Amino acid sequence: MSQEKRRRRYKIKRRVILLICIIILALLYAFKNTSFLLRSLSTIGFIIFFYIVDHLFDIDFNEKHYAFALIITFSSFLLSPLYFIYPQYDKIQHLIIPMMYCSIIFHMISHLQLHMKWRLTFIFFLVVGSLSLFELGEYTLDYFFNLNLQGVFLRDLQGLQKFSIIMDRLDDTMIDIALGVIGTLFYTGTMILWYYKTKTQQKFLNKNKNH
């Protein structure tokens, strides 16, 4: 891709990110809530960070990867109250988000001269390792600040600040990691099937050309 095209792509990305930030700030003004303020700033910060990494290292993420980043950010920060309303919300995230993360990592290492099986093996262990570090981070924050990040909690109807635990912290952590592994295996397995199907089709076409 030429430098001019790259500059245009990054310019479009900046405009889209600016528009999203303006929308979030407009929502922030409408709600005028301290909790929403923190969630909004976290969302904006992550989106800007994602763009800076993209531009600084010239990764050239495409629209799909920015869509994944937005889904991850909005679901994790802006919609975080859903963790205490719908018990399965966190579980759906731990199944789906690793697939998006795999796609982002796959694009980042696509320029490396690695065979597909080693590329997918690297992605698998990197994503599963990241999930484990994430759970360790949640444990650390819970230990020092009691944020109820581990375990499944629901808001008690008797008060907004009261929570009822419906799944033990250890069980929740193990299920989250297991779901993350399943999501990662699904992505890598799908990519392996796609790779060998494409390779087989290419061999078939080359064979027909020779005849």
Exercise. Check segment 30-51 and report whether any residue there is of a type in the set (Val, Ile, Thr), more than 17 Å from the chain's Cα centre (by Cα) and in a helix (DSSP H, G or I).
Key: yes
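Tally the residues that are in contact with a helix residue (DSSP H, G or I) (Cβ under 9 Å, 6 or more places away or on another chain) and surrounded by fewer than 16 Cβ atoms within 10 Å (Cβ to Cβ), restricting the search to segment 34-44.
The number of residues fulfilling the criteria is 5.
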Quiz prompt | Contacts under 6 angstrom Cβ, first residue in segment 129-150 being of a type outside the set (Ser, Thr, Tyr), partner modelled with pLDDT under 90 and in a loop (DSSP other than H, G, I, E, B), 6 or more apart | solution = 138/149; 138/150; 141/147; 141/149; 142/149; 142/150
Quiz item: Quick one: residue 96 ticks every box in (1) in contact (Cβ under 8 Å) with a residue 24 or more places away in the chain; (2) among the β-branched types (Val, Ile, Thr); (3) closer than 25 Å to residue 14 by Cβ; (4) not assigned by TED's automatic domain parsing to the domain that holds residue 21 bar one, so which box is it?
Solution: (3)
Quiz item: residue 47 fails exactly one of the following numbered conditions: (1) without any contact (Cβ under 8 Å) to a residue 24 or more places away in the chain; (2) under 30 Å from residue 191 (Cα atoms). What is the number of that condition?
Solution: (1)
Exercise. Kindly indicate whether residue 72 is modelled with pLDDT of 90 or more, assigned by TED's automatic domain parsing to the domain that holds residue 179, of a type in the set (A, V, I, L, M, F, W, C) and surrounded by 13 or more Cβ atoms within 10 Å (Cβ to Cβ).
Key: no
Quiz item: Given the conditions (1) without any contact (Cβ under 8 Å) to a residue 24 or more places away in the chain; (2) surrounded by 17 or more Cβ atoms within 10 Å (Cβ to Cβ); (3) closer than 18 Å to residue 147 by Cβ, which single one is not true for residue 105?
Solution: (3)
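The values are calculated or read from the model by the stated rules, or taken from the named source; none is laboratory data. Only a predicted model underlies this, so the values are computations on that prediction, with no experimental measurement involved. Cβ sites come from the backbone with ideal geometry, for glycine too, and all protein chains shown count toward neighbours.
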